[in-house]
1. Quick one: which residue in VAL8, VAL43 is within 19 Å of PHE317 (Cα to Cα), in a helix (DSSP H, G or I) and either out of contact with any Pro (no Cβ under 8 Å at 6 or more places or on another chain) or modelled with pLDDT under 80 (or both)?
2. When you look at LEU36, is it modelled with pLDDT of 80 or more and either farther than 20 Å from ILE196 by Cα or small (Gly, Ala, Ser) (or both), yes or no?
3. Considering MET205, MET190, which residue is in a helix (DSSP H, G or I), within 16 Å of the chain's Cα centre (by Cα) and surrounded by fewer than 19 Cβ atoms within 10 Å (Cβ to Cβ)?
4. Report, ordered by the first and then the second residue, all pairs with beta carbons closer than 7 Å, sequence separation of six or more or different chains, a first member in segment 198-225 that is under 15 Å from GLY252 (Cβ atoms), and a second member that is among the charged types (D, E, K, R) and buried (at least 18 other Cβ atoms within 10 Å of the Cβ).
5. Residue under question is LYS55, and the condition is that it be of a type in the set (Lys, Arg) and within 24 Å of MET322 (Cβ to Cβ); does it hold?
Amino acid sequence: MKELPLTVKRSIELMGICLLGIILAYGQQIIMPVILAFFLSIVLLPVYRFLRSKKAPEFLAILLPILLGAVLIALAIWFFTGQINSLLAEFPMIKKNISIHLAELSGWINKKTNFSTPEQLKFINEQSNKVLSNAGAILGGAANSITSILIYIGLVPIYIYLFLSYKGLLIRFVFVWFEKSEHKKVEEVMKETEEIIKGYLIGLMIQISYIIVLLGGLLLLFGIKHALLIGVIFAILNLIPYIGALIGNIIGVLLTLTSSQEILPVFIVLGVIAAVQFLDNNILMPRIVGSKVRINAFAAILGVFISGSLAGFTGMFLALPMIAILKVIFDRSEMFKPWGILLGDEVIQKKPLKFPKLIVRKKKIDDVEV
């Protein structure tokens, strides 16, 4: 059979990527719970294997890890709800502090610009009317979000149970899909995929714990109000690579402004967050996760934005492990190896076009500087 030209192959690959994006965008309500359940089932797999080694019945070995995970999630929700309730209990004080900060901001704007206080109030009222006019759309979006959360809560445990129950059938399906000569590569991909998912998700759980302890504890020592709430929000948002930390900083500043009439606590919060983030990014997280697959920052950021636009918060959260798994698959496939190079973070010291293997020479051009 005649081999397809290279341009045709690349065109088919790009069309396949676009098709996957379309399927994910339109089928995210079905696909994302399945992907999340698959990742969580791999995290729970060691617990399942341990219980089975102790002669526990299969249904019990599957059910106990799921119940344990549900209890941990319920405790986290209970803690977060308690922090929110303590914040709402101080609403009169928050309203007073916001009025003080707005008055100071209005005075500063008056000094620096010709934008008077009445004009500022007019602008705020206009924006408020726009927000109120869009209240229906906002409430509709909130209702959709709540519906999505309920779907996840209901479906993910069921999918996890089914993945663990039928794992042998799924593994057999994967091996039957490929030729026998490819089975060794398939096994390597499956093992490395399991290591990546377990390392990443377990690492994130550890990361959430120590960020809450470090950030919340340090802010408590400095006397910052709602220190634990700031720590919890920042730890959760930090799950979203690159973007989440920025949003966490902004929310931390806003919470501090609403709970204090001074500016100094804001700089304390920013300084403590910066210190904890530096410790997390450069010392703790690399040692905890320790993944063999490294993704370059451009691919990671682009992947987070694309996954977020296609599949919402879950897509942003799962973007990095999905990209890492794709890189493992691409690196072991001759057809998709260029995509694996594109996702990796290998630093090429020399100019790429100086490598004979990367250049197709039609004529000798040794003296040309590329």
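The values are calculated or read from the model by the stated rules, or taken from the named source; none is laboratory data. All figures in this text were calculated on a predicted structure; none of them were measured in a lab. Methodologically, a virtual Cβ is constructed for each residue, glycine included, from the backbone with ideal geometry; neighbour enumeration extends over all protein chains shown.
1. Numbers: VAL8 fails: within 19 Å of PHE317 (Cα to Cα).
Criteria check complete, one pass: VAL43.
2. Values: modelled with pLDDT of 80 or more: yes; either farther than 20 Å from ILE196 by Cα or small (Gly, Ala, Ser) (or both): no.
Here the answer is no, as LEU36 does not meet what is asked.
3. Details: MET190 fails: within 16 Å of the chain's Cα centre (by Cα).
Every option except MET205 fails the conditions.
4. ILE211/ASP280
5. Working: of a type in the set (Lys, Arg): yes; within 24 Å of MET322 (Cβ to Cβ): no.
Judged against the criteria, LYS55 is not a match.
Condition check ((1) assigned to a helix (DSSP H, G or I); (2) under 25 Å from GLY344 (Cβ atoms)) across all residues:
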| site | (1), (2) |
| --- | --- |
| LYS184 | yes, yes |
| TYR200 | yes, yes |
| TYR210 | yes, no |
| LEU219 | yes, no |
| GLY223 | no, no |
| LEU228 | yes, no |
| ILE236 | yes, no |
| ASN249 | yes, no |
| ILE273 | yes, no |
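Rundown of residues vs (1) modelled with pLDDT of 80 or more; (2) among the polar types (S, T, N, Q), yes/no style:
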site: LYS184; (1), (2): yes, no
site: GLU195; (1), (2): yes, no
site: ILE206; (1), (2): yes, no
site: GLY223; (1), (2): yes, no
site: VAL232; (1), (2): yes, no
site: LEU257; (1), (2): no, no
site: GLN261; (1), (2): no, yes
site: VAL269; (1), (2): yes, no
site: ALA275; (1), (2): yes, no
